[in-house]
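The next block holds one structure in the form of structure tokens; read it before the comments.
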Amino acid sequence: METRAYPEAGLSVTVDGAVATLILDRPEAKNAQHPALWAAMTEALDSFDEQIRVVVVRGAGGTFSAGLDLSLLDPARAGEEGSMVSLAGQGAQAIIDQIDVYQQPFAKLADPRFISIAVVEGFAIGAGFQLALCCDLRIVADDARFCMKEPALGLVPDLVGTKPLVEAVGYARALEICATARWVNGEEAGRIGLAQVVAPATELDAELAKLVGSLTQHPAAAVRATTQLLQMAGQQTLTEQRLAERTAQADRFREIAAALT
């Protein structure tokens, strides 16, 4: 097992065979997020090779993530690295470009080379909710609590969370959850499609091991190609998707045939 630490960013990474685990490691701050964390996550995700089939994201200390580090919104700390107050004072294009950088690790969790799993216990608020949403699958404690807090702060969810939320629960439910900034508990998360597994917090590790075992028991290339097809399906016409399926299957046939000769 390989372990890498990014102490200044509040992130630790372990690689055990085909499974990489990213742990948000600021338990004293409820794993609140900041730009240094996002940069470290981007670096870690970019470093994974084809051997990695599953990426797990979880938080230390019994909480997934309480969201954005609110000190970044403190006017008294304007000028410090990562200050959102300083960013807000820049031109529109500069803000757009900087948020694009911040979005990178969230978007990279959808890389079809691996399947990403969020293991959520405690709170997943704002940026924490979006981080969980950006993973392909979610294992959730039955007493976990989600909240899309941004609208209550006069902001919008901007860390790649809106699309997967709508895909998971539909437009109307996504709008209701975001516009009210209400709490969604673990039981409801499972019922409305936010979570694929809901279990007591003491059973999350066992559920994770079971899911990882199931996800890694079949040929990696076939799983990756299937993941890519499913990701494309919502944006393509039936004709386009049929062609994508045929093309992917031709690659599978050729690989199988080559292995048999």
Any idea which residue in segment 236-261 is nearest to Ala168 (Cα to Cα), counting only those that are modelled with pLDDT of 95 or more and polar (S, T, N, Q)?
Gln236
Looking only at segment 10-29, and only at residues there that are more than 17 Å from the chain's Cα centre (by Cα) and farther than 16 Å from Val55 by Cβ, the one that is surrounded by the most Cβ atoms within 10 Å (Cβ to Cβ):
Arg26
Within segment 89-121, the residues that are of a type in the set (S, T, N, Q) and either within 21 Å of the chain's Cα centre (by Cα) or surrounded by 15 or more Cβ atoms within 10 Å (Cβ to Cβ) (or both) are Gln98, Gln103, Gln104, Ser116
Within segment 216-235, considering residues that are touching a residue at least 12 places away in the same chain (Cβ under 8 Å) and outside any helix (DSSP H, G or I), the one farthest from Arg252 (Cα to Cα)
Gly234
In segment 103-133, how many residues are of a type in the set (D, E, K, R) and either farther than 26 Å from Leu73 by Cα or without any contact (Cβ under 8 Å) to a residue 60 or more places away in the chain (or both)?
2
Restricting to segment 76-88, give me the number of residues that are surrounded by 12 or more Cβ atoms within 10 Å (Cβ to Cβ) and either closer than 26 Å to Arg145 by Cα or without any contact (Cβ under 8 Å) to a residue 40 or more places away in the chain (or both).
8
Select the helices (runs of 4 or more DSSP H) contained entirely in segment 44-141, then report the ones holding at least 3 residues which are out of contact with any Leu (no Cβ under 7 Å at 6 or more places or on another chain) and either at pLDDT 95 or above or closer than 30 Å to Ala221 by Cβ (or both).
92-108, 127-134
Among the residues listed as Glu240, Glu188, Glu176, Glu245, the single one being within 24 Å of Val56 (Cα to Cα) and either in a helix (DSSP H, G or I) or not assigned by TED's automatic domain parsing to the domain that holds Thr21 (or both)
Glu188
Looking only at segment 193-215, how many residues end up being farther than 18 Å from Gly62 by Cα, under 18 Å from the mean Cα position of the chain (by Cα) and part of a helix (DSSP H, G or I)?
3
Which number in (1) touching a Phe, Trp or Tyr at 6+ places or on another chain (Cβ under 6 Å); (2) touching a residue at least 60 places away in the same chain (Cβ under 8 Å) marks the one condition that Ala40 misses?
(2)
Check whether at least one residue in segment 210-217 is more than 22 Å from Ala132 (Cβ to Cβ), of a type outside the set (Asp, Glu) and surrounded by 13 or more Cβ atoms within 10 Å (Cβ to Cβ), and report yes or no.
no
Residues of segment 191-205 being surrounded by 12 or more Cβ atoms within 10 Å (Cβ to Cβ) and of a type outside the set (D, E, K, R), in sequence order, are Ile192, Gly193, Leu194, Ala195, Gln196, Val197, Val198, Ala199, Pro200, Ala201, Leu204
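The values are calculated or read from the model by the stated rules, or taken from the named source; none is laboratory data. Keep in mind the model is a prediction, meaning the values are calculated, not measured. A quick note on method: Cβ atoms are made from the backbone with ideal geometry, for glycine too, and the neighbour counts reach across all protein chains shown.
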